[in-house]
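Read through the structure below, which is laid out as structure tokens, and then see the notes.
No value in this document is a laboratory result; all are computed from the given coordinates. None of the values given here were measured: they were computed from a predicted structure. Note that we place each Cβ from the backbone using ideal geometry, even for glycine, and neighbour counts take in every protein chain shown.
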Amino acid sequence: MNNLSGIDIAIAAARAMDDKKADDVQILRMSRMMVETDYFVICSCMSFPQMQSITQAVREAMEQLNVKLRRQEGRSNNQWILLDYGEVVAHIFLASERQYYNLEKLWADAERIPFKK
């Protein structure tokens, strides 16, 4: 078990995404809008290989912090991979899919949390 807060976990996921050159990494505070999770960490990428690289980087970062993956939705041929860590849910999109679902607009009232790269 770890003693990290949800925001610490979200920032670690965002940094892992950014390290793999993910586009437009965003952290949304969701705790006022849903009970299932406190933060969404969202990014987009340009190719399936980059998507896999980002997914692996987030998983490795969470493993190093002893944050357990509850479930993963989407695999190598999907255009959206979701990694559920309980307090934090990471969304890794191909750019066109992110634009289509537009989670930032859907959750427009969510607070945007800045993170240092």
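Quick notes on this structure:
- Distance histogram in 5 Å bins (all Cα pairs of region 6-112, percent per bin): 2, 14, 27, 27, 20, 9, 1
- Dipole of the chain, positive direction: furthest Cα of MET30, ILE11, ILE113, with charges on the beta-carbon: ILE11
- The number of Lys pairs in the chain with C-alpha atoms less than 19 Å apart, excluding pairs fewer than 8 positions apart on the same chain, is 4.
- Residue-averaged 222 nm ellipticity for the chain, from DSSP H runs of 4+ at -39500 (n - 2.57), nearest 500: -10500 deg cm²/dmol
- Rounded to the nearest 0.05, the FRET efficiency derived from the C-beta distance between MET34 and GLU97 at R0 = 25 Å is 0.75.
- For the chain, the relative contact order comes to 30 percent (Cα pairs under 8 Å, sequence separation of at least 6).
- Cβ-Cβ distance of ASN77 and GLU111, R₀ of 25 Å, FRET efficiency by 1/(1 + (r/R0)^6): the value works out to about 0.15.
- If you take the Cα centroid of region 61-107 and the Cα centroid of region 1-56, the two points sit 7 Å apart.
- Stokes-Einstein diffusion for region 29-77 at 10 °C, viscosity 1.306 mPa s, with a Kirkwood radius from C-alpha pairs, works out to 126 µm²/s.
- Angstrom value of the Kirkwood radius, inverse mean 1/r, which spans all Cα pairs in region 1-55: 12.0
- Gain in span if fully extended, LEU69 to MET46, counting 0.36 nm per residue against the direct Cα distance: 5.8 nm
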